[in-house]
Amino acid sequence: ITGTGFSTVAAENVFAVGGLMGTVTSATATTLVVNCPIAMAGDYSGTVRVVGKGLATHSIPSFRYRPSVHSFTASQTSLAGGRTITITGNGFKDVRAVAARNRCTFEVLSWTASTVVAKTTACGETSGATLDVYNGDWTRSQCYATPCDIVSNSALTPIVTSLTQNGNTITIQGTFISSVEADMSVSIGATACNVVSFTGTQLTCEAAATHRAGTYPIVLNVAGYGNAYQATPSTKTYALTVTAISPTSGSLGGGQSITLTGTGFGMNYTSVTIGGLPCTVSSATDSSLVCATAPSATAGAMDVFVNVVSGFAGVHPSNLTATTQYTYDNALTPTITNIAPYAGSTAGGTILTITGTNLATTMTVSIAGVTCVQDAGQQAATTATTYYCTTGKHTTDENPVIVGATPAN
């Protein structure tokens, strides 16, 4: 940048582009040499401020940032893809695609103005194919790296010749290229299969015993190369089963917390219905889930359907279903005919008498979320038609009394 009135001390000249600070590397009274800041693609105005003087009047043209590739961490990959590449540069914005020019497109994992992380995908042989980054407006990057090419060929591709499964033990044979066990990783969907032995031509790994239900691809990845080629892609299937439900029955009023055990569940992927009514899932692991029953207008045994959405990136999801039974039981359904008194002190301490049917000391009673507590005497006096408890402290208001039954089974 040429002009007049600059400080001869580089640090006393402040250069910015679009509000982003650059670095002044050398200065004279008439010339500044600067490094521009990292920025997303676009047009920006530039400013120079001299400490003790203020902003310079200038005719600096706007700076146009375009995407540029300066370096990347891997220039070769397996024909089966699967190698992660970190690309550094400038001007990246809303990155839409990374590609080996005119050959294949890679999976974009993340991006910033100066860094793009992508994973190579399966494609044909490439040689002399420039690595390109495409911004959201499809502006293609200029490459300043040496070399700028991505190479992919059979010599860089590990090959699986056979894959067998014995329960959760998976044995893979083939040409692995690398002879280092630490370079080997096996995944089943997004879950690692723990490598337990490696001879150079044979690898054995142990898969997780439990997993969200579905069919998932088994992929061998070799560090420095990428995924191994398989003539016939291999998969592992995890079943959806329900082996137990507890309790097996409850009130028609709903609100019963039930636990289902089995295999193949998963939080955020599992839904439960009982007789067509939703049972709201509050927690779930691969082998257990808890849900709360909904009120039912009808008593009797009803089918419990557990539905799991199965799928993995690149694999079309499917719905898997397992069933068991739950009974809405009139005998376990409290009915309330009267509550006395209807009002009490906000300080609590009011003895509440509830009359009705199917009442028991195992019930829980709350008023606006505050528990109405039973002492030993009130528990002894409670019958199937009369329930006693003492209210807790609460602010003044009119609130519903919630009665929940907990069946013995």
Across region 182-235, the tally of residues that are within 24 Å of residue 86 (Cα to Cα), at pLDDT below 95 and either assigned by TED's automatic domain parsing to the domain that holds residue 107 or of a type in the set (D, E, K, R) (or both) stands at 0
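Is it the case that residue 288 is closer than 30 Å to residue 217 by Cβ, free of Cβ contacts under 8 Å to residues at least 60 places away in the same chain and surrounded by fewer than 16 Cβ atoms within 10 Å (Cβ to Cβ)? Please lay out each step first, then the result.
Numbers: closer than 30 Å to residue 217 by Cβ: yes; free of Cβ contacts under 8 Å to residues at least 60 places away in the same chain: yes; surrounded by fewer than 16 Cβ atoms within 10 Å (Cβ to Cβ): yes.
Yes, satisfied.
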Please specify each residue of region 147-176 satisfying the condition of being under 19 Å from residue 224 (Cα atoms) and of a type in the set (Ser, Thr, Tyr).
152, 154, 157, 175
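Does region 209-222 hold any residues that are outside any strand (DSSP E or B) and either more than 19 Å from the chain's Cα centre (by Cα) or crowded, with 20+ Cβ neighbours inside 10 Å (or both), and which are they?
Our first condition is that a residue be outside any strand (DSSP E or B); within region 209-222, this holds for 209-213.
209, 211, 212, 213, listed by residue number.
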Qualifying residue in region 379-399 (condition: polar (S, T, N, Q), at pLDDT 90 or above and assigned by TED's automatic domain parsing to the domain that holds residue 277):
no
All-but-one check, residue 266 against (1) part of a strand (DSSP E or B); (2) surrounded by 15 or more Cβ atoms within 10 Å (Cβ to Cβ); (3) of a type outside the set (Phe, Trp, Tyr); (4) touching an Asp or Glu at 6+ places or on another chain (Cβ under 7 Å), failing number (1)
Single unsatisfied condition, residue 110 versus (1) assigned to a strand (DSSP E or B); (2) surrounded by 15 or more Cβ atoms within 10 Å (Cβ to Cβ)
(2)
Is there a residue being crowded, with 16+ Cβ neighbours inside 10 Å, part of a helix (DSSP H, G or I) and either among the charged types (D, E, K, R) or modelled with pLDDT of 90 or more (or both) anywhere in region 158-181?
no
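A quick yes/no check of all residues on (1) polar (S, T, N, Q); (2) assigned to a strand (DSSP E or B):
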site	(1), (2)
325	yes, yes
344	no, no
347	no, no
366	yes, yes
399	yes, no
402	no, yes
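Across region 66-94, what is the number of residues that are outside any strand (DSSP E or B) and closer than 15 Å to residue 224 by Cβ? Break it down into steps so the answer makes sense when it comes.
To start, the set of residues in region 66-94 that are outside any strand (DSSP E or B) comprises 66-67, 73-75, 78-80, 92-94.
Applying the additional criterion that residues be closer than 15 Å to residue 224 by Cβ yields 73-75, 78-80.
So the count comes out to 6.
What number of residues within region 230-254 are in a loop (DSSP other than H, G, I, E, B) and either surrounded by fewer than 16 Cβ atoms within 10 Å (Cβ to Cβ) or not small (Gly, Ala, Ser) (or both)? Steps first, answer last, please.
Going through region 230-254, the residues in a loop (DSSP other than H, G, I, E, B) turn out to be 231-233, 239-240, 247-248, 251-254.
With the extra rule that they be either surrounded by fewer than 16 Cβ atoms within 10 Å (Cβ to Cβ) or not small (Gly, Ala, Ser) (or both), the set shrinks to 231-233, 239-240, 247-248, 252.
Residues flagged as in a loop (DSSP other than H, G, I, E, B) and either surrounded by fewer than 16 Cβ atoms within 10 Å (Cβ to Cβ) or not small (Gly, Ala, Ser) (or both) within region 230-254 amount to 8.
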Being within 18 Å of residue 287 (Cβ to Cβ) and of a type in the set (Phe, Trp, Tyr) is the filter here, so list the residues in region 195-239 that pass it.
216, 238
With a cut-off of at least 3 residues that are modelled with pLDDT of 90 or more and either farther than 26 Å from residue 90 by Cα or not assigned by TED's automatic domain parsing to the domain that holds residue 90 (or both), name the strands (runs of 3 or more DSSP E) lying wholly within region 1-65.
13-17, 23-27, 32-35, 46-50
Has region 85-102 got any residue that is farther than 29 Å from residue 221 by Cβ, in contact with a Cys (Cβ under 9 Å, 6 or more places away or on another chain) and surrounded by 13 or more Cβ atoms within 10 Å (Cβ to Cβ)?
yes
Test for residue 335: is it closer than 27 Å to residue 272 by Cα and more than 43 Å from the chain's Cα centre (by Cα)
yes
Go through region 346-375 and give me each residue that's touching a Gly at 6+ places or on another chain (Cβ under 8 Å) and surrounded by fewer than 16 Cβ atoms within 10 Å (Cβ to Cβ).
348, 364, 370, 371, 373
Considering each of 259, 280, 273, 298 in turn, give the residue that is among the polar types (S, T, N, Q), assigned by TED's automatic domain parsing to the domain that holds residue 326 and not in a strand (DSSP E or B).
298
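Residues of region 133-149 being within 31 Å of the chain's Cα centre (by Cα) and aliphatic (A, V, I, L, M), which ones?
To start, the set of residues in region 133-149 that are within 31 Å of the chain's Cα centre (by Cα) comprises 133-141.
Within region 133-149, just 133 meets the criteria.
Identify all residues within region 1-14 that are in contact with a Leu (Cβ under 7 Å, 6 or more places away or on another chain) and either of a type in the set (A, V, I, L, M) or over 8 Å from residue 29 (Cα atoms) (or both); write none if there are none. Give the steps one after another, and end with the answer.
At the first step, the residues of region 1-14 found to be in contact with a Leu (Cβ under 7 Å, 6 or more places away or on another chain) are 1, 6, 13.
Those that are in contact with a Leu (Cβ under 7 Å, 6 or more places away or on another chain) and either of a type in the set (A, V, I, L, M) or over 8 Å from residue 29 (Cα atoms) (or both): 1, 13.
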Could we say that residue 115 is surrounded by 20 or more Cβ atoms within 10 Å (Cβ to Cβ) and outside the structural domain of residue 34 (by TED's automatic domain parsing) here?
no
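The values are calculated or read from the model by the stated rules, or taken from the named source; none is laboratory data. Quantities reported herein were computed from a predicted structural model and do not represent experimental measurements. No Cβ is skipped: glycine too gets one built from the backbone with ideal geometry, and neighbour counts run over all protein chains shown.
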